[in-house]
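First comes the structure, then the notes that go with it.
The values are calculated or read from the model by the stated rules, or taken from the named source; none is laboratory data. Predicted, not measured: the structure shown is a model, and the values here were computed from it. Here the Cβ positions follow ideal geometry from the backbone for every residue, glycine too, while neighbour counts run over all protein chains shown.
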Amino acid sequence: MKERLLEMLACPVCGGDLKLVHEEPREDDEIIEGCLSCVKCEREYPIERGVPRFAELSSIEKEKAETAKNFGWQWTNFTQEDDKYSEQFLGWLQPVRKDFFEGKIVLEGGCGKGRHTALAHEWGAGEVVGIDLSAAVDSAFEATRGLPNAHIVQADIFKLPFKQCFDYAFSVGVLHHTPDPQKAFKSLCSKVLKDGHVSAWVYGKENNDWIIKYVNPLREGFTSKLNQPALYQLSKLPTAGVFIASKFLYRPINKSSPALASKLFYNDYLNHIGSFGWREQHNIVFDHLVAPTAFYISREDFESWWDAVGAEEVEITSHNSNSWAGFGRISE
């Protein structure tokens, strides 16, 4: 943890300022082990392995803990990098472009292994803070510790330990895995300054009936209950089918005959992920099977989220015909 992160932190219980009351010898400018204390309620929060910790899985709701545990394993094992992450990230954030990050104080709601935190830093963010509830924060810290303006915090998105100090907040692929996606979105927006902006990407209900009807029951009743190493091996079977179809059917037909390709089942998405290699496709399949909780949000419901937080200039865009990318300005 870099000491200047204190300027943004606040006690998640009472909102009081935090102070550093103990630290071990630093590594460069990172506090690797230490303790933070609230000046108002005197609660203490540890800094462990470079990350301030505001949530313990043993003390949070079962549904959140199970989700964090499963995704934590995922992001500490799928640590690969891919040169297409930048393009993929911008697709989820549309209409945001790289230069939008320049000089902004940025909050990422659910950072996983830190790949988007690193990109926000690369694109010029003044400061970028990635939070995650899971053990993935350890991977995220290792991936970003050399970046001078990047910070990683372990926290519950429903109880964010920050002041209202961010110019921009984003969350991609996280809100729909929380027990109450709209409440999590509202919490994220509450840390954004007036006239700041928010981006959110969520699974869409439209065009995903087959997942809701067939994949969800399998995920809820079986795959999310497996231990993660077992699911890692089992998920290689559906990954093989996706890999063969996307690489040797969807990609070639989209290049040679777009009109024919448009008639293929789930074409936009399968053509899109066909640009990734085996490892990333395995990660995508595993991600769909590991989550204990997943919601599919209709456009109408997604629009109501933005209305509820008083957002203006809202743009909602279909992404790969199976999800929604939203962007808006916080006016209150």
TODO: Considering each residue of region 202-221, count those that are under 17 Å from Gly326 (Cβ atoms) and aliphatic (A, V, I, L, M), and give that number.
DONE: 1
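Okay, residues lined up against (1) surrounded by 13 or more Cβ atoms within 10 Å (Cβ to Cβ); (2) in contact with a strand residue (DSSP E or B) (Cβ under 7 Å, 6 or more places away or on another chain); (3) not in a strand (DSSP E or B):
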site: Leu6; (1), (2), (3): yes, yes, yes
site: Cys11; (1), (2), (3): yes, yes, yes
site: Gly16; (1), (2), (3): yes, yes, yes
site: Leu20; (1), (2), (3): yes, yes, no
site: Pro25; (1), (2), (3): no, no, yes
site: Ile32; (1), (2), (3): yes, no, yes
site: Ser37; (1), (2), (3): yes, yes, no
site: Lys40; (1), (2), (3): yes, no, yes
site: Tyr45; (1), (2), (3): yes, yes, no
Task: Among (1) closer than 24 Å to Pro292 by Cβ; (2) touching a residue at least 40 places away in the same chain (Cβ under 8 Å), the one test that Phe166 misses - done: (1)
TODO: Could you please let me know if Ile284 is closer than 30 Å to Pro229 by Cα, surrounded by fewer than 20 Cβ atoms within 10 Å (Cβ to Cβ) and among the aliphatic types (A, V, I, L, M)?
DONE: yes
Task: Every residue from region 260-277 that is free of Cβ contacts under 8 Å to residues at least 12 places away in the same chain and either in the same structural domain as Asn77 (by TED's automatic domain parsing) or in a helix (DSSP H, G or I) (or both) - done: Leu260, Ala261
Task: Subset of region 200-237 (residues that are over 22 Å from Trp278 (Cα atoms), touching a helix residue (DSSP H, G or I) at 6+ places or on another chain (Cβ under 8 Å) and among the small types (Gly, Ala, Ser)) - done: Ala200, Gly204
Task: Identity of the residue in region 88-125, assigned to a helix (DSSP H, G or I), over 16 Å from the mean Cα position of the chain (by Cα) and not aromatic (Phe, Trp, Tyr), that ends up nearest to Trp201 (Cα to Cα) - done: Lys98
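Results for (1) hydrophobic (A, V, I, L, M, F, W, C); (2) outside any helix (DSSP H, G or I); (3) in the same structural domain as Asp180 (by TED's automatic domain parsing), shown as yes or no for each residue.
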residue	(1), (2), (3)
Arg279	no, no, no
His282	no, no, no
Glu303	no, no, yes
Trp306	yes, no, yes
Val314	yes, yes, yes
Thr317	no, yes, yes
Trp324	yes, yes, yes
- [ ] Give, as residue ranges, the strands (runs of 3 or more DSSP E) completely inside region 139-213 that count at least 2 residues that are of a type in the set (D, E, K, R) and farther than 25 Å from Thr76 by Cβ.
- [x] 192-203
Task: Residue list for region 284-320, filter: among the small types (Gly, Ala, Ser) and either more than 20 Å from the chain's Cα centre (by Cα) or at pLDDT 95 or above (or both) - done: Ser298, Ser304, Ala308, Gly310, Ala311, Ser318
Open item on the list: If I filter region 239-259 for residues that are part of a loop (DSSP other than H, G, I, E, B) and not acidic (Asp, Glu), do I get at least one hit?
Closed with: yes
Task: Single residue of region 145-179 satisfying the filter (buried (at least 24 other Cβ atoms within 10 Å of the Cβ) and of a type in the set (Val, Ile, Thr)) that is farthest from Ala55 (Cα to Cα) - done: Val174
